[in-house]
Amino acid sequence: MLDFEEELKKFSPSIEVKEAEDAIQSKDLTDFIDILKQMTADQQRRIH
Amino acid sequence: MLECFMCGTPADHSDTLCRYCGANLDTYRMILDASDRAYNAGLAKAKCRDLSGAIADLFKALRFNKRNTKARNLLGLVYMEIGETVLALREWVISKNFDDTPDNLAQGYLAQIQNDSRLLERMDLDTRKFNAALDYSKQGNLDLARIQLKRLIQTAPKMVRAHQLLALIYIHDGKYLEARKELHAAARVDIYNSQTAAYLAEVRQQLDGQKGEKKRKIRKREPLVMDFTDGHDTVRMPRQTFIEALDNSKSGILNILLGAALGVLICMFLVVPQVRQTANGDAAQALVNANNKAASSESDVASLKATVKKLKKRLSNYEGKADIKQSYEMLAAAADLYAAEDLDGAAGKLKGINTDLLEKNGKSLYKKIGKAVEQKRMEDSYAEGERNLSGRAYQGAIDAFTEVVKLDENYEDGMALYHLAEAYVGYGNKEKAKECYEKVVQKWPWTEKGRNARKWLADYAQDLAQREGN
């Protein structure tokens, strides 16, 4: 039997238009290529 | 052509390392390939309406390569499909930020929304309705939540979470058939959503359980005859149901009384609560309606007020001024008069022109003529001022030089200002003269007029000091 309260907790509010700016700015855009860049830069620094 | 991720140097397919900075291009290629594979998987799932699966794959694609524009744009589309408007906008704005070329589809999507202001408002209203319904649910006002969600589903039938939340409320209330209907609607939008599947499993289980109960009840039958002992005898008689016993009864009055009592009980326990529930439901509906109306009319009023303010501001630019056609006609006339060296006539025409309505070339011509007219005015006024000053018509000199100085204080290298001071002295207004001489000293301290002005100021100060001493 489903627990109503527990299931209800899984629902989070949708983001409204007035919060769009925050939603865009707070998005973490780090990707694997950024990590690769960081690793390569560290490596090059160590070599030089 | 691949570019090095560190320095941007173009690289061939066969290059393992960048020729310029030595960065590992094989790893970079692997990451790009992984991103593209995840995008392809997401695209395939989106086409089959497995939107949750598509979102997961597209997320992965962007985790590998955030600049995978196709993945980001598709993610936005999927979000829009399930009713998450702001998440869709977020992805498209970020996509546009990374790739500002006209080919980027995100430009078109954003333009569509920007061009239709009511569309964004409607979407935002749907989001707010969902959030309100969720709040009601968490506060325990399930009736209000149910009403809000039903209305939301009418305007946003593809909002998966709205269907799921409504289904959850139905499950809580034991209305499994209604819950199943909502979950099927959610599944039509997003086929393999795990939450929908979990709720459907629960509903099926409950419905199967209910069917089993009914079957068990039907199987349990009483025997048709019953035995009872009467002394030493065992009597077998057919079992009568209660209804049959009543029918066989000789007492009709008993039947009537029984019927009346039953009627009263039915009224008390079935009809009255139902009426009360309907009344409550109506009241709840009215409250939800009022809330929604207030919310949407509030935003309507606010946006109307903003529009009126904008229009009033624009209108004020046009009040008392010529329209476009008139403005250009006057500009053309002013240009003709300017060419004919009738600058006074040109000045007259320029006065009536509404410069806000002129385009770039029109404004440039207006400025050119305006400058020439101003120059002429200053020349004429300066000459008149000099005539009046030498003829000791000091008021006339003051008027003429004031007009020049108003347009250009530095006219004739400050001589207009200097002569104005002289005119004030001749007129007897030494305070005004002092102001003008002070400016001359400030701007042209080492010229002859500057020295003269300084001397006058010193003499004036001495006079004042002497008078105060006396």
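The values are calculated or read from the model by the stated rules, or taken from the named source; none is laboratory data. Remember, it's a predicted structure, so these values are computed and weren't measured experimentally. Neighbour counts run over all protein chains shown; Cβ positions are idealised from the backbone, glycine included.
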(message) Just the residues that are buried (at least 16 other Cβ atoms within 10 Å of the Cβ) and out of contact with any Leu (no Cβ under 8 Å at 6 or more places or on another chain), please, taken from the stretch B:386-398.
(response) B:386, B:388, B:389, B:393, B:394, B:396
(message) Suppose we filter the stretch B:187-200 for residues that are part of a helix (DSSP H, G or I) and within 14 Å of another protein chain (Cβ to nearest Cβ); how many remain?
(response) 7
(request) Determine which member of the set A:16, A:21, A:7 is more than 8 Å from every other protein chain (Cβ to nearest Cβ) and not hydroxyl-bearing (Ser, Thr, Tyr). (result) A:21
(message) Given (1) touching a residue at least 24 places away in the same chain (Cβ under 8 Å); (2) farther than 23 Å from residue A:12 by Cβ, identify the lone condition not met by residue B:216.
(response) (1)
(message) Please determine whether any residue of the stretch B:432-440 is touching a His at 6+ places or on another chain (Cβ under 7 Å) and either assigned to a helix (DSSP H, G or I) or not assigned by TED's automatic domain parsing to the domain that holds residue B:341 (or both).
(response) no
(request) Among the residues of the stretch B:109-151, write down those that are in contact (Cβ under 8 Å) with a residue 12 or more places away in the chain, more than 11 Å from every other protein chain (Cβ to nearest Cβ) and of a type in the set (A, V, I, L, M, F, W, C). (result) B:110, B:144, B:147, B:149
(message) Out of the residues in the stretch B:157-175 meeting the condition of being surrounded by fewer than 20 Cβ atoms within 10 Å (Cβ to Cβ) and within 14 Å of another protein chain (Cβ to nearest Cβ), tell me which one is nearest to residue A:13 (Cα to Cα).
(response) B:158
(message) Looking only at the stretch B:188-205, filter to residues that are surrounded by 18 or more Cβ atoms within 10 Å (Cβ to Cβ) and not β-branched (Val, Ile, Thr); which one of those is nearest to the chain's Cα centre (by Cα)?
(response) B:190
(message) Whether any residue in the stretch B:308-319 is over 22 Å from residue B:408 (Cβ atoms) and either touching a strand residue (DSSP E or B) at 6+ places or on another chain (Cβ under 9 Å) or at pLDDT 75 or above (or both) is what I want to check.
(response) no
(message) Which numbered condition in (1) modelled with pLDDT under 90; (2) more than 60 Å from the chain's Cα centre (by Cα) is the only one that residue B:445 fails?
(response) (2)
(request) Being in contact with a helix residue (DSSP H, G or I) (Cβ under 7 Å, 6 or more places away or on another chain), closer than 30 Å to residue B:446 by Cα and at pLDDT below 90 narrows it down to one of B:349, B:376, so name that one. (result) B:376
(request) Could you please find all residues in the stretch A:25-48 being hydrophobic (A, V, I, L, M, F, W, C) and surrounded by 16 or more Cβ atoms within 10 Å (Cβ to Cβ)? (result) A:32, A:33, A:36
(request) Kindly establish whether residue B:8 is free of Cβ contacts under 8 Å to residues at least 24 places away in the same chain, more than 38 Å from the chain's Cα centre (by Cα) and at positive phi. (result) no
